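K.L.:
Before I ask anything, here is the structure I am working with.
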Amino acid sequence: MSSIKENRWDCTECGTNQGRNDMWFEGDICGDCKQQELNLKMKDEVERVLIDMFDRIGIQTPSNFEDITQHCFEYLIIDDKYNPLSDFDEQVVFAFKLWIEEPKQICEHNWIRSSDSFDLTVYCGKCGINYE
């Protein structure tokens, strides 16, 4: 059942008070919450496409999967490269290709020694890799 409130109303998700000129329908959420919900769904779709691609080429999900997902999501949504008329899967794969080709920052290692009762470990304090 929908009703129009003459005064102000609160978003059911974040509780933000909305303007009196905005339409209100029972259970409605504000524009910011709607955008966050859409972004979350889009990020889930990006993850789905990437996992499917990794399965097709026969590799395990990489340890930096979150970084890859975030790059592809930002390329499509934040950089506004998403084209609803094109195949979404192809756009995600293209964003992944750009991530691979992007020059990575090389770490100037800051080696740190840590030891416990069993062994000594040497690792980089900046990037976290173990010294071999």
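Read-outs throughout are calculated quantities, based only on the coordinates presented, and are distinct from any laboratory measurement. Because the structure is predicted, anything quoted here is derived from the model rather than measured. Methodologically, a virtual Cβ is constructed for each residue, glycine included, from the backbone with ideal geometry; neighbour enumeration extends over all protein chains shown.
K.L.:
Please give the per residue volume of the convex hull enclosing the alpha carbon atoms of the range 31-101, rounded to a whole number of Å³.
P.N.:
90
K.L.:
Would you mind putting 57-63, 87-93 in packing order, based on average other-beta-carbon counts within 10 Å, highest first?
P.N.:
Put in order of decreasing packing, that is 87-93, 57-63.
K.L.:
Assuming R0 = 35 Å, can you tell me the calculated FRET efficiency for the pair Glu37 and Asp87, based on Cβ-Cβ distance, to the nearest 0.05?
P.N.:
0.90
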